[in-house]
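Written out below as structure tokens is the structure these notes cover.
Just so you know, all these numbers are worked out from the coordinates, no wet-lab data involved. The structure displayed is predicted, hence computed values, not measured ones. Glycine gets a Cβ as well: all are built from the backbone with ideal geometry, and neighbour counts include every protein chain shown.
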Amino acid sequence: MRFANWTDAEIQRWLQLRAIEWCGFPAFASQPLVPIAFLLFSWYWVIATVVVLNILWSGIRYSYVNITAARVACHFVGWAMWPSAIGSTIYLFIHRQFVPGLIALFWPLLAGYIPPPGKIGVIELAFAKKLGYVPDDAEL
């Protein structure tokens, strides 16, 4: 990713958005995946799995950041979340599974309420260090 032509404000906005997504990465990445998983598994097991993954992720999110994973997830979620939610909802409604159908439809909105709160600034600084935007010895 090239930031040479970006302004400082654009870089800082990119860092902030990726840090917010990284803070609750399993829930963020689940937006296009969970509606499809409802077609294969019971909806309550799928949601329980996402909750457990987010709890486990809360112990990792500060010590590990990956720019490529954050960038790819951003594009994947942006392009796939609504088509998968709407398509899964239609399929589930046709098969008279209304509860998972409604959850699938609203999952891209509900997923943001699952992750435990975190320190966005710490993750943002880790991304900035990874990019070389700030020196490695910079502190929050």
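May I ask you to verify whether residue 35 is within 21 Å of residue 98 (Cβ to Cβ) and crowded, with 16+ Cβ neighbours inside 10 Å? Taking the combined requirement at face value, the residue satisfies it. Taken across the stretch 3-24, residues that are surrounded by fewer than 16 Cβ atoms within 10 Å (Cβ to Cβ), acidic (Asp, Glu) and not in a loop (DSSP other than H, G, I, E, B) do occur, with at least one present. Taking the numbered list (1) under 14 Å from residue 88 (Cβ atoms); (2) in a loop (DSSP other than H, G, I, E, B); (3) out of contact with any Ser or Thr (no Cβ under 7 Å at 6 or more places or on another chain) in turn, residue 39 passes all entries but (3).
Does residue 99 satisfy the criteria of being touching a residue at least 24 places away in the same chain (Cβ under 8 Å) and either hydroxyl-bearing (Ser, Thr, Tyr) or over 26 Å from residue 15 (Cβ atoms) (or both)? So residue 99 fits the description; yes. Contact map, the stretch 116-128: residues that are closer than 21 Å to residue 55 by Cβ paired with residues that are among the aromatic types (Phe, Trp, Tyr), Cβ distance under 8 Å, separation 6+ or inter-chain. Pairs shown: 118/62; 119/62; 122/62; 123/22; 123/62; 126/62. As a summary of the residue check, residue 46 satisfies the conditions (1) among the β-branched types (Val, Ile, Thr); (2) in contact (Cβ under 8 Å) with a residue 60 or more places away in the chain; (3) touching a Phe, Trp or Tyr at 6+ places or on another chain (Cβ under 8 Å) except for the one numbered (2).
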